[in-house]
Amino acid sequence: MSELAERIERVRARLADAAARAGRPVESVRLLAVSKTHPPAAVREAAACGLTDFGENKVQEAALKIPLAPGRLTWHLVGHLQSNKVRAAVRLFDYIHSVDSARLLRLVEEESRAQGRRPKVFLEVNVAGEASKFGLAPEAVGETLAAAQECRAAEVVGLMAIPPVVAEPERARGFFRRLRELRDELRGATGFALDELSMGMSHDAEIAVEEGATWVRIGTDIFGPRAAAWKPTADELGG
Ligand SMILES: *Cc1c(COP(=O)(O)O)cnc(C)c1O
């Protein structure tokens, strides 16, 4: 078994254990492989191990990488989305995890209609109220969902959070729980099901699963440490 295949096996085992502890079916937790900074060859190898969903944090890098990856994969944007990149993001991605304003949601909707695309969207929530982080304040998510009522092409499927990195993963639990509780409140108040919770990364995925994550975004524990940004080589571009 290759090193990558072994790492994927280990991640899957951790997620399965965490799901079992939480009394959740293992299929209710989806693995999103975050391939940012890694070359298309790594994506190809991971896809050969059965992974289907890949995440990127930069639209520009994804625009170069996706055409060099297998065609049948599902692509997720997990990084911040600037309004001048919405057109490209809608063209490239099936899921956008980082919508953090009603204005951005309307732009995604408009562009999706224009392109005949149906992206699934997460609203990103700044659960810890960190000044340095993107994301909606928890109390602003409701009004953004009001804007989502008008969406016909983009579909808001859930909430996403990137909680503060803490030395002890257990200390992230409260942030994950807050995202789930916010989801439960809004579900009752707005009529949106918000079934999906995008939360948990390499260091805290188990805790996120125990608190209800349906998508965990794993980079390092699948692909290894990140190098500088990936740029296509002449070889990768076909000579
Ligand atoms: C890079 C990234 C990840 C993956 O992080 P790891 O710690 O390497 O697993 C997950 N989510 C987002 C938003 C990221 O930017």
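The values are calculated or read from the model by the stated rules, or taken from the named source; none is laboratory data. Computed from a prediction, not measured in an experiment: that's the story for all the values here. We place every Cβ from the backbone using ideal geometry, glycine too, and count neighbours over all the protein chains shown. Accessible surface is based on the protein model in full, side chains and every heavy atom, while ligands, DNA and RNA are left aside. Shrake-Rupley method; radii C 1.70, N 1.55, O 1.52, S 1.80 Å.
So the values come out like this:
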| read-out | value |
| --- | --- |
| Over the chain: helical MRE at 222 nm, DSSP H runs n ≥ 4 each giving -39500 (n - 2.57), nearest 500 | -11500 deg cm²/dmol |
| Leading residue at positive end of dipole, the chain (Cβ point charges), from G79, G219, I207 | G79 |
| Given charges at beta-carbon only (K, R positive; D, E negative), |dipole| of the stretch 1-109 in Debye | 260 debye |
| Derived scalar couplings ³J(HN,Hα) [the stretch 161-177; Karplus, 6.51 cos²θ - 1.76 cosθ + 1.60; whole Hz; x for Gly, Pro] | 8, 10, x, x, 6, 10, 4, 9, x, 3, 6, 7, 4, x, 6, 5, 4 |
| Using a Förster distance of 25 Å, the FRET efficiency for E130-D94 (Cβ separation, nearest 0.05) | 0.35 |
| Other-chain or far-sequence residues with amide H under 5 Å of A153's (modelled H) | none |
| Residues of the stretch 3-223: accessible area per residue with a 1.4 Å probe, Å² | 44 Å² |
| Whole-Å semi-axes of the ellipsoid equivalent to the chain (Cα gyration tensor, √5λ, descending) | 27, 24, 15 |
| Protein accessible area in the chain, 1.4 Å probe - carbon and sulfur % | 50 percent |
